[in-house]
Structures are given as structure tokens and as C-alpha cells.
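Just below is one structure, and these are the notes that go with it.
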Amino acid sequence: MREEFIKRCGYDVLPYLPFVLFKTGSMGNAVNYDAVVPVTDSFNEVIQRVRYDFEYTKASLILETFNDVYLKWCRKLNVKSRAQAYGRGFFPLETSMNYDIPECESWTMTWLRHKLGEEMSETDYRRGRAYTMVNKYVSSAAHLKGNRLVSCEEMTNTYTVFNMTLEMLKIGGDQTAISGVSHSIFHGFNYSPKEAPFPGWVRYGAYYNEKNNWWKFFKYYTAYKGRMSAVMRNSTMYADIAILNPVGDMWTTIGMQNEPFPSTTISQYKTLIWESINKCGGGCDYVSESVIGDAAIKNGCLCYNSRKYSVLIMIAVERLLPETAEKLLDFVSKGGRVLAIEKEPHLSLGYRRDYQTNDKTVRNVFEKMRLFSNNYLFVDRPEKDFIRWYDNLMKKYDLPHYLDVGTPDAYVMQNRYIADDNSEFFFICNSHRYNSHKTRLTFHRETLRGRNASVWDLETGKRYNLTLDASGSRVFDLGPADSLLICFGKEKCKEEWKPLHEFDFHDVMDLSDDWDVEFVYSLEDTVKKDFFHHLVDLKDCEDAFGEKDYRHFSGTAIYRKRVFGHFAGERVLLNLGRVEGVSELFVNGHDCGAKWYGRRIYDITGCLSDEANDIEVRVTTIMGNYMKTLKDNKIAQKWVNRKGREQPYQSMGLIGPVCVMS
């Protein structure tokens, strides 16, 4: 290491090493960042510069002596290379660039900590997100190399194993796709020997197991994901904005962090920038100084292989290599635009000979860049509300975007894809569990020109014609956990797209009261029957019914009701309202299908008689509430009652209100 450092950096690291390193604890994270001994400001500046060289040398050695060797070996064997090429000690972008299957990871650590589908924090990058810090780096690395295949260790779960629902998996999976993933590897099926007692061996995962109540419905989710993956792996995710994060500044001040779960980082808001660009109708990639250095400048764009960026955003970058600064000046002088947020580069990286000269070069370059006032912009970061801040910034400076979003929302995200036949796809999702969001989306002329608009239903594979107004816009009402794949191409669909919630009705009949309920326990040879005067969350049944306790139910609750009356009109719908679990509907014996997320609205036209109609709703629940009762089962208790991770009772059943609309 010492010899390599001297060869690469031109000086000996050994005298500085005690000052460069931090005392570490769990996962190699620094216990604190205090100096080993008090030092002067001038010597502290030297220490920080040496620290950058030390970290850069480590990353270079890993890249050259492991990463590149491994990739060469795979090519020699004619096998595809695949790895999660990140962690503490890697270039966050470059190390993933040459893999056949670069992989990242997404998690569903929900309810207890990260509140997936319930919040979208601006102070904690983890809260509300399934994707991790590295996803955008890995997908950007793939895009820069023209690779459409981005793998993901998806839906790892270390908390809510037995309380995970298919709806939550969809919310997390949709977010993963937004981060640039095109191929999901579910983590993971729980293989156990036959002699292992229930629930078997459980490691990180969402209890993907044939003993899980919702296992028989899992095929609906995999079909949805398969269609989504087919589109994304056969098209290119669009981006025309590049983002340079302050990686060099971080290595200089606090060193490398444990990606994808850093205990700390500098400029903790940086992930909010790419999210805001996305939520306001644009697309972006992460880049690095080496990418900028290798990029060509053509027609006002930074061009790297097939990627073209007309705007570069620097997030709180204070230190740059002099050659990077000069490349950006060339970019700006030839029509490109650079946007610096919060800070402006004024220092160089590393402890090289005469580094003061390098500092001066960086400062002089940015003094020249300021002369290009239309192309070089400096803006302060907001204290909060990053989406509104970026939306205003985008409109004020005409920053590139391909979709006008009437009312951007923290939970609504989108990506644009362009296929080889020049057709385009827009994947749009709402990751809130309970709230809908209505907004007008306007597609730009370059998308509309010579193409027909349609909606591809990722659940069924059917495509429908999408009618837009003369300006290329339409109001979309995205329900909880909802998603859309909007297509623009040569294909013209005959059947018009009109989601069930958009139909107008004159008559509404409330069916929320008086249901016969049969409880079929999945893990016990037990069936109980009851009568509910009012629909109620099963986790609250102890309070609602005194001695009748269904908080610990696990299985399928079957709700039955006979409805009298004639329902006139061309279309009749049954809206189940809020359902916690997978719902199946049968009307007069007709199977109306299963719904496993979002709005539970069924088209029951043609299933009704003129007199009595028998309604049957089956709701398959989660298992976690039941697992709490297995006090002698160590596996069960580990995942639902572990100290510090105790899980509250989860909502279950048909909660309503239920109504027929005609």
C-alpha cells in the first residue's frame, strides 16, 4: 500500500497516516471525527488533502486489482459478470460501469422505521424510500455505458417479514424502477428442510414462502413486474441533466462511507435533487470527474458514449481537480450550462506538489465562468420544500424537462424510456399507501409528433387508446400505490382507456352494514362464523366486540351479504373502500377477480340479477398478528416481538365503506 501510494501520489503517506484515519466501530463507521491531537488550521488542511489521496488510492487499487481482474476473468470464461460493486472503498460510479449485470439494492424496512408509502422525509434520505443511496449511482453507471440491464437485490426486509403485503412490495418495487432498475431479484425465498418447524428458516426477505397466506396471489405481482421489466430492458432510460455529487469533498473531510447505508454523509439533501428533477418531469444521471474528463463537448452538450447532457448540476462541490474545472469552463463557453448549488468550487483535490497553484487555477477558472452569466448559475439551497424550489428554478431558468407536471407531489415519480423503434414509454407511479393524487400531465411535442398515445395495463398486458387534448395533456388521477405505463408509438388501439374511478354515477347504495363473516384460519384447522353489524378493522375487534377477538386472525375472512334491488345503468361498480389484504370478489357466483393493491373497485356489470344478489368478498390477511401469539416459537418472536423492533398490530380485513354505484 505504501509503495503504491508513493508511486501514485509522489509522496509518502506513512507520516500522515495516524492523522488521516478515524477510530472505527460497528461496520467500520467512525466513532467520531475529532482530530487525534489538536492541530493548526494549516496542518488540518494538509491532513484533509492527504486523506483524499489515501481514499483515492484505495479505490484505485480495488478497481484495478480486483474489479478489472474479475471482469477480465469473466470475459475469458465467456460468462456474464454481476456484482454489487460498491461499499466502503469503491468509486461509487466507475466500479459498476463495465459489469454485464451491475446490481444495486432496495429494501422494505417499513412501518417501524422507514415508513414506506407513508412519508417522504427531507431530513432523512431513508424514510419513505425503498431504493438505497447507491441505486442512482449503479443505474447511472449502466446508462453511461449503454447498458439497459440494471439488476437489484429487491425488497430485502429485516423488520416486517410477516407483515409485508403485496401492496407494499409493489410500492417498493415501483420506487426501485424509478431509481433506474430494470431487473428485480427478489430477496428472497426461504428454503428450509422439511423437518424445520413452522415457519421454517427465515433470513432477510418478505417471507416469500408457500406457507405465506398471500403466496397464491404472488403471481399477480410477478406478472406485473415481468411486463415492466420487458419494457425497461428493451428501451433506454432518458436523461439530459448530469449531477456531480461532492464525493471528493466527502473523501477529503470525513473519508469514505459505508455505501449504501452511510452512517453520515455531507450535503445530506443531495438525493433530494435527483428526486425533485424526476418529480418535476425531468431525467438525470449521476456523473463523476473522470466521466466529465472523458466526455466530448458537442452542440452545447457533455457527451459520454450515447448520453448527452445539456446541464450539469454541482451539489455543494468545493473541491475539484483543475482539469475538471477547465473542462467545465470549456463546456460553458460552448453553450452548456452549469448550475452550482450552495457552494462554488474554489479548492483543488489532494496533497500534490504545489497544491496552492492548483487551488488558484480552480478559482481563476470559476472567475472566468461567472462571465458567462447565462450559462453559469449559482443558487442557494432551500431549507425545505425542495420540489417547489426546483419547480420554480426549472421554470425560471428553463431547465430541461420532457413532461410538464401541473402539481408535482412528493410521492409521484416518473421515468421516460425510448425504444429502438423510436417509440416512447412513460412509467408513472404514486407511492403513497392511502392518498390519491390528481394532476395534469402535458407531454411535449417531440414525444407526440407522429405517434399514437396508449396505456399499457401492466397487470393484464392489454393496451388502450389514450385521448389527450390539443396541447397533449390530460388530468390523471393516481390512486394509492397506483402506476401507469403510457406509450407513444405507431400502434393504434381501438378500445378507449377509462379507469373505473372516472365513471360518473347517479345512484349509490351503501353496503357497509350487516355482513355475515366466516373466518378460515390458514394455520389452524379452525373456522369461525360471526355477524358484523358494521365493518371494522380486525385489529380493533377486541374493542368493537368485547370478547370476540380477531386481532390475531391469519387466513381468509369471507364477508357475505345479500342485496335486494334493481341496479339500472350501462355499468355497475362495487367499491370495497379500504381493504387491508388481498381482496377477491364473487357476485352471484361470478368470479370478479382479485385486487392486491390500491383502489378496490370492481366492474360487476353483467353479474347482477333483477332481484336478490349475493355478494361475497374474500380478504386474505397478513400473518404477523398471529405470529405474536406464538410465544414459544423463537423464529416468530424474533420477527414480531424482537426487543427494540416490536411490531404493533397491523390492520386487516374489509374496512370499507362499501358501496354499489350505478
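The values are calculated or read from the model by the stated rules, or taken from the named source; none is laboratory data. Keep in mind that what you see is a predicted model, and the values were worked out from it rather than measured. So basically every Cβ, Gly included, is an ideal-geometry build from the backbone, and we count neighbours across all protein chains shown. Side chains included, ligands, DNA and RNA excluded: accessible areas come from the protein's heavy atoms. Shrake-Rupley method; radii C 1.70, N 1.55, O 1.52, S 1.80 Å.
Listing for the model above:
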| read-out | value |
| --- | --- |
| Residues within segment 343-379 that are small (Gly, Ala, Ser) and either crowded, with 19+ Cβ neighbours inside 10 Å or over 38 Å from the mean Cα position of the chain (by Cα) (or both), tallied | 2 |
| Whichever residue in segment 95-133 is modelled with pLDDT of 95 or more and not charged (D, E, K, R) and, among such residues, is farthest from ASN157 (Cα to Cα) | ASN98 |
| Residue satisfying condition, being part of a helix (DSSP H, G or I), in contact (Cβ under 8 Å) with a residue 12 or more places away in the chain and either open to solvent by 10 Å² or more (accessible area, probe 1.4 Å) or among the hydrophobic types (A, V, I, L, M, F, W, C) (or both), within set LEU312, LEU329 | LEU329 |
| Residue selected from segment 183-221 under the condition of a type outside the set (Phe, Trp, Tyr) and in a helix (DSSP H, G or I), by the criterion least open to solvent (accessible area, probe 1.4 Å) | ASN213 |
| Within segment 222-309, helices (runs of 4 or more DSSP H) holding 1 or more residues that are out of contact with any Gly (no Cβ under 7 Å at 6 or more places or on another chain), over 30 Å from GLU45 (Cβ atoms) and of a type in the set (Lys, Arg) | 270-279 |
| Residues located in segment 477-509, provided they are open to solvent by 70 Å² or more (accessible area, probe 1.4 Å) and either at pLDDT 95 or above or basic (Lys, Arg) (or both) | LYS490, LYS492, LYS494, GLU495, GLU496, LYS498 |
| Verdict on VAL20 being closer than 22 Å to LEU349 by Cβ and β-branched (Val, Ile, Thr) | yes |
| Selection from segment 510-528 of residues that are within 13 Å of PHE553 (Cβ to Cβ) and not in a loop (DSSP other than H, G, I, E, B) | VAL517, GLU518, PHE519, VAL520, TYR521, VAL527, LYS528 |
| Candidate set from segment 439-476 (those that are hydroxyl-bearing (Ser, Thr, Tyr) and either in contact (Cβ under 8 Å) with a residue 40 or more places away in the chain or open to solvent by less than 20 Å² (accessible area, probe 1.4 Å) (or both)); member that is farthest from CYS280 (Cα to Cα) | SER454 |
| Segment 509-532 residues that are among the basic types (Lys, Arg), paired with ones that are at pLDDT 95 or above (beta carbon under 6 Å, 6 or more apart) | LYS528/PHE519; LYS529/GLU518 |
| Leading residue by the ranking (nearest to the chain's Cα centre (by Cα)) among those in segment 134-164 that are over 14 Å from ALA177 (Cα atoms) and either assigned to a loop (DSSP other than H, G, I, E, B) or among the basic types (Lys, Arg) (or both) | ASN157 |
| Count of residues meeting criterion [without any contact (Cβ under 8 Å) to a residue 40 or more places away in the chain and closer than 28 Å to PRO260 by Cβ] in segment 1-19 | 1 |
| Residue match in segment 533-548 (condition: part of a strand (DSSP E or B), farther than 23 Å from THR160 by Cβ and touching a residue at least 24 places away in the same chain (Cβ under 8 Å)) | no |
| Among residues of segment 122-142, those that are open to solvent by less than 10 Å² (accessible area, probe 1.4 Å) and in contact with a Cys (Cβ under 8 Å, 6 or more places away or on another chain), counted | 4 |
| Residue match in segment 355-370 (condition: assigned to a loop (DSSP other than H, G, I, E, B) and touching a strand residue (DSSP E or B) at 6+ places or on another chain (Cβ under 8 Å)) | yes |
| Count of residues meeting criterion [touching a residue at least 40 places away in the same chain (Cβ under 8 Å) and either under 28 Å from ALA196 (Cβ atoms) or under 30 Å from the mean Cα position of the chain (by Cα) (or both)] in segment 639-662 | 13 |
| In segment 97-121, the residues that are open to solvent by 30 Å² or more (accessible area, probe 1.4 Å), closer than 20 Å to TYR286 by Cα and among the charged types (D, E, K, R) | ASP100 |
| Residues located in segment 68-111, provided they are outside any loop (DSSP other than H, G, I, E, B), within 25 Å of GLY188 (Cβ to Cβ) and without any contact (Cβ under 8 Å) to a residue 60 or more places away in the chain | TYR70, CYS74, ALA83, THR95, SER96, PRO102 |
| Unique match (being more than 30 Å from THR605 (Cβ to Cβ) and either surrounded by fewer than 16 Cβ atoms within 10 Å (Cβ to Cβ) or at pLDDT 95 or above (or both)) among GLU524, GLU518, GLU580 | GLU524 |
| Residue within segment 538-550 that is open to solvent by less than 50 Å² (accessible area, probe 1.4 Å) and either of a type in the set (Val, Ile, Thr) or at pLDDT 95 or above (or both) present | yes |
| Filter result (surrounded by fewer than 21 Cβ atoms within 10 Å (Cβ to Cβ) and not polar (S, T, N, Q)) within segment 421-436 | ASP421, ARG433, TYR434 |
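Condition check ((1) touching a strand residue (DSSP E or B) at 6+ places or on another chain (Cβ under 8 Å); (2) surrounded by fewer than 18 Cβ atoms within 10 Å (Cβ to Cβ); (3) of a type in the set (A, V, I, L, M, F, W, C)) across all residues:
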| position | (1), (2), (3) |
| --- | --- |
| SER554 | yes, no, no |
| HIS590 | no, yes, no |
| CYS607 | yes, no, yes |
| ILE635 | no, no, yes |
| ARG642 | no, yes, no |
